[in-house]
Amino acid sequence: MTDTRTILTEANGQVDSWWARTLARIHVQRSTGRMVVLLVAAFAIFTILSPQVFLNPLNLQNIALASPEVGVLAIAMMLAMLTGGIDLSLVSIANLSAITISTVFTAVAATDVAMAESLGGAMVLLGVAVGAAAGLVNGILISVVGITPILATLATMQIFNGLAVVWTGGSTLYGSPASLTTLGISAIAGIPVIFLLFLGVAVVIAIIVSRTPLGRRVQLLGANEQAAKYSGIRRAPVLMSTYLLTGTLGGIAGVLFLSRNPTASADYGSSYVLLVIVIAVLGGTNPAGGFATVAGVVLATVTLQIVQSGFTAVRLSSYEYAIAQGVILLAVMILDQVRFRRRRTRTRPPQKEGVPA
């Protein structure tokens with residue numbers, strides 16, 4: 001027979017879960033609206049400051065070309081944060097994927113260029129598989145061994161970086177399938193194809209998060225691990241699936257790296273780790289887990305690319321842009337904390353009769 005303590009704990013878990021979902025819906029709506037305002041404001045500011053440079057069609061196209069690789073990594077970071085974790089190894093995974101594709105292509109092309117080009121699709125799948133395998137390693141360390149995500153992915157980041165350096169000898173690799181280069185320069189109605197692919201990835205992840213059992217489990221686990229436990233959700237499979245998915249997205253980002261530039265190296269995108277964290281949080285992801293919005297992450301990606309392009313247009317340095325990233329991250333987190341505390345004081349979650357507060 002179930003004892004009273006178990007009944008009360010389960011009831012509390014249900015109330016907390018309902019309240020977490022309510023807060024998540026409010027947060028998602030506000031975050032998306034906030035990002036729309038910030039995107040329009042950033043675009044307007046730099047249009048006023050440097051219209052000839054900023055509004056140049058080539059500059060606008062460069063914004064769309066630079067967004068996908070960062071955006072896919074930011075979506076992957078969002079998924080890790082949704083569980084209450086983080087994945088610091090994403091950029092290293094992307095580089096390992098790109099290096100794998102470039103190495104295999106160069107080796108095959110050395111004997112038969114035509115065959116190497118014909119196997120371009122298979123090489124892309126191989127790169128994505130490398131990302132998935134790296135994600136599986138993270139998933140095992142976090143869900144099976146029980147290592148804290150920040151420490152596990154910090155360790156694998158170092159391992160993957162080290163493998164990439166040993167593999168390449170610290171030099172840049174040249175060569176990738178022509179189909180990837182064509183993909184990187186192709187456009188439909190003036191919109192780069194890789195930007196459309198980024199939007200496609202965003203739509204798929206949004207459906208997974210909001211419409212599938214895995215997505216609901218991930219959200220509940222991040223919002224309230226105790227409630228998730230009493231709802232019958234097993235922590236290990238959810239975390240394993242999440243980090244397998246983030247690794248796969250890292251592999252896709254590696255493909256996008258090569259589509260923009262047919263070279264691969266161990267240190268490409270070294271500044272992306274902070275950038276994708278800023279984008280994820282700015283886009284409405286709760287660093288403590290429980291709620292996030294893919295639409296917000298997409299808007300945040302484009303907004304920060306606009307800011308970076310605008311800084312270049314007004315001749316500000318990359319160091320000043322790095323400072324701006326940190327300031328934006330702190331400002332958003334402080335604003336979210338203030339709003340959250342005010343909302344908690346104004347409206348408290350309903351308490352079930354007979355269930356202690």
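A short reminder: the numbers here are calculations on the coordinates, not readings from a lab. This one's a predicted model, so the numbers in the text were calculated from it and none came from an experiment. Because the Cβ atoms are built from the backbone with ideal geometry, glycine has one as well, and the counts that use them run over all protein chains shown.
Couple of notes before you dig in:
- Per residue, the convex hull spanned by the alpha carbons of the chain comes to 149 Å³.
- Length gained on full extension, residue 333 to residue 288: 15.1 nm, using 0.36 nm per residue less the C-alpha separation.
- Highest average packing first - 151-157, 279-285, 42-48, Cβ atoms within 10 Å: 279-285, 151-157, 42-48
- Among 245, 73, 44 - extreme Cα towards positive end, dipole of the stretch 4-346, charges at beta-carbon: 44
- Dividing the helix sum by the residues of the chain, where each DSSP H run of 4 or more adds -39500 (n - 2.57), gives a mean residue ellipticity at 222 nm of -26000 deg cm²/dmol.
- Principal axis dimensions, the stretch 271-332 - Cα atoms, whole angstrom, descending: 39, 19, 19
- The stretch 155-279: C-alpha gyration tensor shape, a/c 1.5 cut-off, then a/b vs b/c: oblate
- Amide H contacts of residue 187 (H built 1.01 Å from N, in plane; Pro and chain starts excluded): 193 sit under 5 Å, all sequence-distant by 5 or more or on other chains.
- Relative to the longest principal axis of the Cα atoms of the chain, helix 294-313 runs at roughly 50 degrees.
- 0 to 90° range, to nearest 10: angle between helix 272-282 axis and the chain longest Cα axis: 40 degrees
- Summed residue charge, Cβ within 15 Å of residue 90's Cβ, Lys/Arg positive, Asp/Glu negative: -3
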